[in-house]
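Heads up: the structure comes next, in structure tokens.
The values are calculated or read from the model by the stated rules, or taken from the named source; none is laboratory data. Because the structure is predicted, anything quoted here is derived from the model rather than measured. Areas reflect the complete protein model, heavy atoms only, side chains present, ligands, DNA and RNA absent. Shrake-Rupley method; radii C 1.70, N 1.55, O 1.52, S 1.80 Å.
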Amino acid sequence: MASSVTKDISFEDLKALLGKSENLLLVDVRTKEEVDKGYIQGSVHIPLDTVDAAFSMAPDQFKAKYKVTKPLCDAPELVFHCMMGMRGKTATNKAYELGYVNARNYTGGYKEWSVKEKK
């Protein structure tokens with residue numbers, strides 16, 4: 001059983017990835033109400049309580065629902081985030097248990113992002 005193996009990613013590293021990577025899947029696990037107030041450009045909204053089901057879907061179902069390609073289990077650039085880090089950590093651990101060994105959590109969350117990006 002995987003204990004807490006969460007790999008974290010910093011604001012600077014995430015910003016760099018967003019700028020250069022075409023393979024990054026940034027997953028926002030907050031509620032729809034939170035996302036409606038603002039989100040990180042390029043993120044995909046998959047609420048925390050649906051992460052397990054989403055990442056267990058067949059690739060064609062995932063693409064139909066979320067309009068992005070489902071990452072492979074060894075995808076190097078799979079990042080989860082929430083508002084302040086806790087739900088992102090839960091989602092990252094869940095993805096890890098499903099075989100996404102490189103899943104990472106943006107610990108600063110949207111709270112840090114919005115402050116640093118002045119949005």
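For SER21 and VAL44 in one chain, what is 0.36 nm times their gap in residues minus the Cα-Cα distance, to one decimal in nm? Can you show the working numbers first?
Values: separation 23, 0.36 × 23 = 8.28 nm, distance 1.51 nm.
Contour length minus Cα-Cα distance gives 6.8 nm.
Suppose all protein chains stay in the model; what accessible area per residue would a 1.4 Å probe give for region 15-86, in Å²?
Details: 4180 Å² over 72 residues.
Accessible area per residue: 58 Å².
Go through CYS82, CYS73 and list them by solvent-accessible area, largest first, probe radius 1.4 Å.
Working: CYS82 5, CYS73 65 Å².
Heavy-atom accessible area, descending, gives CYS73, CYS82.
Just read off the accessible area of GLU33 with the full protein assembly in place, 1.4 Å probe, to the nearest 10 Å².
Number for this one is 120 Å².
Straight-line reach from LYS70: which lysines have Cα under 25 Å away, leaving out those fewer than 8 places along the same chain?
List returned: LYS7, LYS15, LYS20, LYS32, LYS89, LYS94.
Can you give the accessible area of LYS116 in Å² (nearest 10), computed on protein heavy atoms with a 1.4 Å probe?
So the heavy atoms of LYS116 present about 90 Å² to solvent.
Which length gain, in nm to one decimal place, applies between LYS32 and ALA64 when the Cα-Cα distance is subtracted from 0.36 nm times their residue separation?
Values: separation 32, 0.36 × 32 = 11.52 nm, distance 1.89 nm.
Extra length available between LYS32 and ALA64 comes to 9.6 nm.
Quick check on the chain: what does the Kirkwood estimate of hydrodynamic radius come out to from the alpha carbon pairs, in Å?
Details: mean 1/r = 0.0709 Å⁻¹.
Taking every pair of different Cα atoms in the chain, averaging 1/r and inverting gives 14.1 Å.
Just reorder THR69, THR107, THR92 by solvent-accessible area, largest first, 1.4 Å probe, all chains present.
Values: THR69 90, THR107 65, THR92 5 Å².
These residues rank, largest area first, as THR69, THR107, THR92.
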